[in-house]
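The values are calculated or read from the model by the stated rules, or taken from the named source; none is laboratory data. No experiment lies behind these values; they were computed from the predicted model shown. Quick reminder, even Gly has a Cβ in these numbers, built from the backbone with ideal geometry, and neighbours come from all protein chains shown.
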Amino acid sequence: MTYIQLSYGNLVLPALLVVMDGVLSLALRLKLERQLAIATVRMVVQLVLVGYVLTFLFAAVSPFWTALAALTMVLFASREIVARQKRRLEGVWKYGLGAGCTLLAAGTVTMFALLTELRPDPWYHPRYALPLLGMMLGNTMTGISLGLDVLTNSLVRERAAVEASLALGGTRHQALLPVIRDALRSGFMPIMNSMAAIGLVSLPGMMTGQILAGVEPVDAVKYQLLIMFLIAGGTGLGTLAAVLGGAHLLTDHRHRLRLDRIATDRSE
Amino acid sequence: MLTVRELKRLHLSVSFDLQDGECVALQGPSGVGKTLLLRSIADLDPNEGTVKLDGTLREAMPAPAWRRRVTYLAAEPGWWSDTVQEHFTAWDDALPLVARLGLPNDCGPWSIQRLSTGERLRLALARALMLRSRVLMLDEPTSALDSASAAAVEALIAERILDGTSVVWSTHDDAQARRIGSRILAMRPDGSIEESQP
């Protein structure tokens, strides 16, 4: 395997393209230049840091440091889920539900792949575990945040329908089922769309990366298929857990709809 | 008999009894808490207090079973499916009721979207009456109806009362309150109720 190595100097010219964006923003008064500058600096700092962190982790191959890195990734994912919600849950569940479900879903499928098909030595080798977990987190996070967003918004909008069903003696499960179905469908849509478009419209980043690194395209495709199957499974698992968990938290043991458990602190 | 003791929800604090086959009118200015009270008795909102049906605490049974016996009908009823008949467990059995409320027999496949407010109110009443609940709590069930439909509703409920159903009927119409209620419960802004005879 051979690949063309880049030096930091090779990045100067391409970086000018971002500067061009900034000039455009100034010239057209888009007022994006500040945001663009912050985003660019963030990206550079985050990626360079991650490069060094991964170098350290790959050299250490320590279960402790790998687990710590994985935990940090889950925490950032759950923060991202909360940031994408228009309506959030109150109290510990605000972060807890998203964190729990991403950990459950991404963790399960990552372990599954490591222990059954990839089998690196040791099984928690960060070179395999962390990139896999990262891809799973990124995608399950999308399903979970979409599912939860549709769940909470629909419950607020369909409150009369849900309460009519409850008032007529429906259980909370019966009353929420139409909304739960909608939420699950929305959470599942992105992965299905990307499965349909993959290869025709988009070449996935990981596969492109492997090809650039000199891997035979057909071998890269096998890896990508493994990843896509894992993502589909993880998204299904995570979205199901998050939507059912959310539905449980927004009702109570007396089968009442508890919209008061949606936080009202955000003014939009 | 429905017994309500020290029912507390926000500013409300209410006690009253409701005999079998009795209808009481619930009155009071808008926003005073009539809906809040009816919803609390149906246990649709968290609340405190003792509510019993024939001596049995509502907490002694699952909430869905309680609400099939003590049924709340909202002033603006909700719909969870697209067509009328999907909201009934046995649409054919409901047809006589639907006809008595002045709706055509073929309205089963109608879309909820195309119903008028009055049609929705009457269909929601039919849907609730199908449960044959022991206690009905009607939240302004005729406020958006024409006088003929309102009379049909009153007659239908009067039959149920004769059969032993108890009713709490919230209304802004003083004449209706005197007509249907054997007692009138007037809600005061401090959250208590005052009882009077019509």
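The table that follows gives values for the structure above.
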quantity	calculated
Unique match (being farther than 30 Å from B:Arg179 by Cα and touching a residue at least 24 places away in the same chain (Cβ under 8 Å)) among B:Leu44, B:Leu18, B:Leu38, B:Leu10	B:Leu10
Residue list for the range A:59-117, restricted to those being over 30 Å from A:Thr264 (Cβ atoms), surrounded by fewer than 14 Cβ atoms within 10 Å (Cβ to Cβ) and either hydrophobic (A, V, I, L, M, F, W, C) or touching a Gly at 6+ places or on another chain (Cβ under 6 Å) (or both)	A:Ala59, A:Ala60, A:Phe64, A:Ala67, A:Leu68, A:Leu71, A:Leu115
Of all residues making up the range A:221-268, the number that are hydroxyl-bearing (Ser, Thr, Tyr) and free of Cβ contacts under 8 Å to residues at least 24 places away in the same chain	3
Selection within the range B:37-63 - assigned to a helix (DSSP H, G or I), within 12 Å of another protein chain (Cβ to nearest Cβ) and surrounded by 20 or more Cβ atoms within 10 Å (Cβ to Cβ)	B:Leu38, B:Arg39, B:Ser40, B:Ile41, B:Arg58, B:Ala63
Qualifying residue in the range A:155-164 (condition: within 27 Å of the chain's Cα centre (by Cα), closer than 13 Å to A:Leu240 by Cα, more than 7 Å from every other protein chain (Cβ to nearest Cβ) and not acidic (Asp, Glu))	no
Members of the range A:199-220 that are surrounded by 15 or more Cβ atoms within 10 Å (Cβ to Cβ), within 18 Å of the chain's Cα centre (by Cα) and without any contact (Cβ under 8 Å) to a residue 60 or more places away in the chain	A:Pro204
Tally of residues being buried (at least 20 other Cβ atoms within 10 Å of the Cβ), in a helix (DSSP H, G or I) and within 7 Å of another protein chain (Cβ to nearest Cβ) across the range B:65-89	1
Given (1) of a type outside the set (S, T, N, Q); (2) farther than 29 Å from B:Asp43 by Cβ; (3) buried (at least 16 other Cβ atoms within 10 Å of the Cβ), index of the condition B:Ala155 fails	(3)
Residues of the range A:1-47 that turn out to be small (Gly, Ala, Ser) and either surrounded by 10 or more Cβ atoms within 10 Å (Cβ to Cβ) or touching a strand residue (DSSP E or B) at 6+ places or on another chain (Cβ under 9 Å) (or both), as a count	5
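Results for (1) over 21 Å from the mean Cα position of the chain (by Cα); (2) modelled with pLDDT under 95; (3) assigned by TED's automatic domain parsing to the domain that holds A:Pro120; (4) within 21 Å of A:Pro126 (Cβ to Cβ), shown as yes or no for each residue.
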| position | (1), (2), (3), (4) |
| --- | --- |
| A:Arg29 | yes, yes, no, no |
| A:Arg34 | yes, yes, no, no |
| A:Gln46 | no, yes, no, yes |
| A:Val50 | no, yes, no, yes |
| A:Leu71 | no, yes, yes, yes |
